[in-house]
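Inspection log for the structure reproduced underneath, given as structure tokens.
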């Protein structure tokens, strides 16, 4: 297993190199200028040029790339042009709300999705099944910002039980942190639970028709045990893939949701970096997201083997 | 502030970034006077100022820097003008009133300006403000701020003959210098010399000023916190506009970047924020219908401009520019761009506000649609059907909607229009290239009194590139005169040339508004509403 993990990790290196090259040129070739943004709309060309000089943006692109790339190889991703802090620190500062939000959203997604999927599969073709399917279609069709705004108006404005926006860091109050993330987590969790429910239902239906389930029932195992211990464990693999993917997507930044709820996470960092043309941050975040994806995929492979002993690392 | 307003106000943008009126000067009055008609009677209750509490502000986004001198972005001015102070500030009539200077003394045929400085002013680091700090700050302002740069060519020398006097020697008359120095936007803020030496012309990262609030903490995208500076020494004069006595009633001000406009409004309704910026007109009805909230209008605020590229391509020809003007009917454009009539006006051709309002000059051509006339001019100019490239953006809803309506009107007159939609950052870059476009649109604010000569369209280097020696002459008179009457006459001449040259199209004036909780008292409805003098009533 150790060899497998090492091999997977080594294969990441060329991917990251490619992404680094892409990220750099993509953001530098996009029109727009961080100096112009920083100085505001009234800035004169001379003034912009002066600041570009100070920020080292007047250096030819290949040389900028060389500097950045050599730095990146040594773990130095540069400094944010606007926040004047190292890029990894900027990302790290935004990781807490995004990570916590992702955990909560995935927990809600699994809770709703798996339960709905199992219930629908075990009561196939009944009204319960129909209801579950209708519910999942709803989840797939509603945009997260719309659901988010409705939650804000209901729980934040009408009932006033939750804060409408913002984030309270864990270090200040963990209850505050959870309260501030509850609505966005519900919005995201509900929406991504739709896919999980569908996957669980399909996979459960397949497993429930297999011989070992009949055998388990014949042995006199209680129905609850048949479903939750025998069938679900066999049906869960594709669901893990879906959940793992949504984990990676969520961690990579929830641009829309973080914007609606004004949560200072990675998503908001990305969107501001793009709007301000904060090149080092855009590049850094792209690398971070790719690295996350790769590691989460490796992590999922390991989970497969733990859940299903038939899978061997090769 | 011209054009810079865009980032703040019409933001909705991301719901991102940053109004004419007959009531001249009305925009400078404080909330209660100005919005009397909109105030629920209960709000008039506690009018006695009280100290304490936290003012929570919902802002449209994070500032790119907290160095007030280094950026013209609205959000920077809004968030930091309580930390820093300059030599003067503008009062409700747009005149410069003392803040750190005690007055402005002209001598030597108006070529020497002496600024005596107050002696009891402490920086937030405890050090006393001296003329050395003031001189270093003044010099930096000449290098960094657009107004400073435009003043720089007239400034021969800045000296500090003693610890509390600053003397500015000019090479040509610049009667407007105190007004330049009073601008809140890209303010000539006095900062400690040691800090300026440390950061040079880069934005400073130690935010030490002399204002009623001091910088406490900034967590990007989360909040910016200011706290009362207990050793603040206010001037004695009564408060007016940005000028006069500044009192820090609330203990602290917390500014939250809330980029989504719906969330800003929701936070106002739920009571989480006390004051919100940049709520678009389509949310006005909701805000007005919420009994806990009240609204303050800023009239006049800005005017909508279609700026023509006079350096390259088709609009180098005056006839083409006149044809463009004759093709337009302003009412449907303003309706599409700004919605309810409460938010805009096409009543006046004026390109100046407050003391400089001129409702007559240009009235003969302002908003006179004449399609056959436009067609005739196109024929005379030998227009060959080359597409008119119009740069627009959806980052500011009004710009896109206005451009869309204008496009159909222009096509009816025979223009071919290529409307190119892009993000604001790209537009700002492209509008600097005279060979790639013909028109772009933006908002112009406060011209020319707040502060003067920030009207980008009169500067020949600004995109659009209006060059005319007569205009330069009028601008020289405008800037040089110490007398308001002379300046007023000079500005009317600029307005006459603006219409004669068909420099750009003033489509109409539009207004801004602010939403606050009823308990927020002492609010000043100006372009950059200050946080001082606000208290939280019951």
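The values are calculated or read from the model by the stated rules, or taken from the named source; none is laboratory data. Treat the numbers as computed from the prediction; the structure is a model and nothing was measured. Cβ coordinates were reconstructed from backbone atoms using ideal geometry, including for glycine residues, and neighbour counts include every protein chain displayed.
Go over the candidates A:311, A:302, A:282, A:240 one by one and state the one that is in a helix (DSSP H, G or I) and at pLDDT below 85. Before the answer, list the steps.
Values: A:311 fails: in a helix (DSSP H, G or I); A:282 fails: at pLDDT below 85; A:240 fails: at pLDDT below 85.
Unique residue meeting the criteria: A:302.
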**OP:** Collect the residues in the range B:212-234 that are in contact with a strand residue (DSSP E or B) (Cβ under 6 Å, 6 or more places away or on another chain), surrounded by fewer than 22 Cβ atoms within 10 Å (Cβ to Cβ) and within 17 Å of residue B:100 (Cβ to Cβ), keeping them in residue-number order.
**Re:** B:229, B:231
Original post:
Do you know which residues across the range B:311-327 are crowded, with 23+ Cβ neighbours inside 10 Å and in a loop (DSSP other than H, G, I, E, B)?
Top reply: B:327
Original post:
Got at least one residue in the range B:511-521 being buried (at least 20 other Cβ atoms within 10 Å of the Cβ) and at positive phi?
Top reply: no
Original post:
When residues of the range B:173-203 are filtered for being within 14 Å of chain A (Cβ to nearest Cβ) and either buried (at least 21 other Cβ atoms within 10 Å of the Cβ) or in a helix (DSSP H, G or I) (or both), how many remain?
Top reply: 9
**OP:** Considering each of A:270, A:294 in turn, give the residue that is under 17 Å from the mean Cα position of the chain (by Cα), surrounded by 20 or more Cβ atoms within 10 Å (Cβ to Cβ) and in a helix (DSSP H, G or I).
**Re:** A:270
Original post:
Just one of A:198, A:229, A:214 is under 21 Å from the mean Cα position of the chain (by Cα) and assigned to a helix (DSSP H, G or I); which is it?
Top reply: A:198
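For the range B:217-246, what are the residues that are more than 14 Å from chain A (Cβ to nearest Cβ) and at positive phi? Please lay out each step first, then the result.
Start the filter on the range B:217-246 by keeping residues that are more than 14 Å from chain A (Cβ to nearest Cβ), which leaves B:226-246.
Across the range B:217-246, the qualifying residues are B:241, B:244.
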**OP:** Kindly indicate whether residue A:114 is more than 13 Å from chain B (Cβ to nearest Cβ) and surrounded by fewer than 21 Cβ atoms within 10 Å (Cβ to Cβ).
**Re:** no
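Which of the residues spanning the range A:135-176 are part of a loop (DSSP other than H, G, I, E, B) and at the interface with chain B (Cβ under 9 Å from one of its Cβ atoms)? Full working, then the answer.
Taking the range A:135-176 and keeping what is part of a loop (DSSP other than H, G, I, E, B), we get A:142-143, A:159-173.
A:160, A:163, A:164, A:165, A:166, A:167, A:169, listed by residue number.
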Original post:
Can residue A:205 be described as more than 24 Å from residue A:143 (Cβ to Cβ) and in contact with a helix residue (DSSP H, G or I) (Cβ under 6 Å, 6 or more places away or on another chain)?
Top reply: yes
Original post:
Has the range B:152-167 got at least one residue that is outside any strand (DSSP E or B), crowded, with 20+ Cβ neighbours inside 10 Å, under 23 Å from the mean Cα position of the chain (by Cα) and modelled with pLDDT of 90 or more?
Top reply: no
**OP:** Could you tell me which of the residues A:3, A:67, A:52, A:8 is within 14 Å of chain B (Cβ to nearest Cβ) and part of a helix (DSSP H, G or I)?
**Re:** A:52
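Here's the yes/no breakdown for (1) under 30 Å from residue B:147 (Cβ atoms); (2) in contact with a helix residue (DSSP H, G or I) (Cβ under 9 Å, 6 or more places away or on another chain):
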position	(1), (2)
B:371	no, yes
B:385	no, no
B:394	no, yes
B:397	yes, yes
B:429	yes, yes
B:437	yes, yes
B:465	yes, no
**OP:** Confirm whether residue B:483 is modelled with pLDDT of 90 or more and surrounded by fewer than 23 Cβ atoms within 10 Å (Cβ to Cβ).
**Re:** no
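Could you list all residues from the range B:82-97 that are in contact with a strand residue (DSSP E or B) (Cβ under 6 Å, 6 or more places away or on another chain) and part of a strand (DSSP E or B)?
B:88, B:89, B:96, B:97
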**OP:** Go through the range B:411-430 and give me each residue that's surrounded by 20 or more Cβ atoms within 10 Å (Cβ to Cβ) and either away from chain A (no Cβ under 12 Å) or closer than 14 Å to residue B:313 by Cα (or both).
**Re:** B:413, B:415
Original post:
Is it the case that some residue within the range B:362-379 is assigned to a strand (DSSP E or B) and either within 28 Å of residue B:428 (Cα to Cα) or not assigned by TED's automatic domain parsing to the domain that holds residue B:468 (or both)?
Top reply: no
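Is it the case that residue A:205 is over 30 Å from residue B:218 (Cα atoms), assigned to a helix (DSSP H, G or I), away from chain B (no Cβ under 14 Å) and modelled with pLDDT of 90 or more? Lay out the reasoning, then the answer.
Details: over 30 Å from residue B:218 (Cα atoms): yes; assigned to a helix (DSSP H, G or I): yes; away from chain B (no Cβ under 14 Å): yes; modelled with pLDDT of 90 or more: yes.
Yes.
Looking at the range B:247-263, which of the residues that are more than 14 Å from chain A (Cβ to nearest Cβ) and in contact with a strand residue (DSSP E or B) (Cβ under 6 Å, 6 or more places away or on another chain) is surrounded by the fewest Cβ atoms within 10 Å (Cβ to Cβ)? Please lay out each step first, then the result.
Taking the range B:247-263 as the starting set, the residues that turn out to be more than 14 Å from chain A (Cβ to nearest Cβ) are B:247-253.
Subsequent filtering for residues that are in contact with a strand residue (DSSP E or B) (Cβ under 6 Å, 6 or more places away or on another chain) retains B:248-253.
On the way: B:248: 25, B:249: 20, B:250: 25, B:251: 14, B:252: 18, B:253: 25.
That would be B:251.
Quick check on my filter: what residues within the range A:26-40 are more than 7 Å from chain B (Cβ to nearest Cβ) and surrounded by fewer than 21 Cβ atoms within 10 Å (Cβ to Cβ)?
Our first condition is that a residue be more than 7 Å from chain B (Cβ to nearest Cβ); within the range A:26-40, this holds for A:26-30, A:34-35.
Passing the criteria: A:26, A:27, A:28, A:29, A:30, A:35.
Hey, any hits in the range A:283-294 for a residue that's within 14 Å of another protein chain (Cβ to nearest Cβ) and in contact with a helix residue (DSSP H, G or I) (Cβ under 8 Å, 6 or more places away or on another chain)?
Filtering the range A:283-294 down to residues within 14 Å of another protein chain (Cβ to nearest Cβ) leaves A:285.
Next cut, in contact with a helix residue (DSSP H, G or I) (Cβ under 8 Å, 6 or more places away or on another chain) only: A:285.
Checked against the condition, which is being within 14 Å of another protein chain (Cβ to nearest Cβ) and in contact with a helix residue (DSSP H, G or I) (Cβ under 8 Å, 6 or more places away or on another chain), the range A:283-294 yields at least one hit.
Residues are listed down the side, and each one gets a yes or a no for (1) assigned to a strand (DSSP E or B); (2) within 25 Å of the chain's Cα centre (by Cα); (3) not assigned by TED's automatic domain parsing to the domain that holds residue B:323:
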{"site": "B:407", "(1), (2), (3)": "no, no, no"}
{"site": "B:420", "(1), (2), (3)": "yes, no, no"}
{"site": "B:466", "(1), (2), (3)": "no, yes, no"}
{"site": "B:475", "(1), (2), (3)": "no, yes, no"}
{"site": "B:478", "(1), (2), (3)": "no, yes, no"}
**OP:** Can you tell me which residue among B:488, B:506 is assigned by TED's automatic domain parsing to the domain that holds residue B:351 and in contact with a strand residue (DSSP E or B) (Cβ under 7 Å, 6 or more places away or on another chain)?
**Re:** B:506
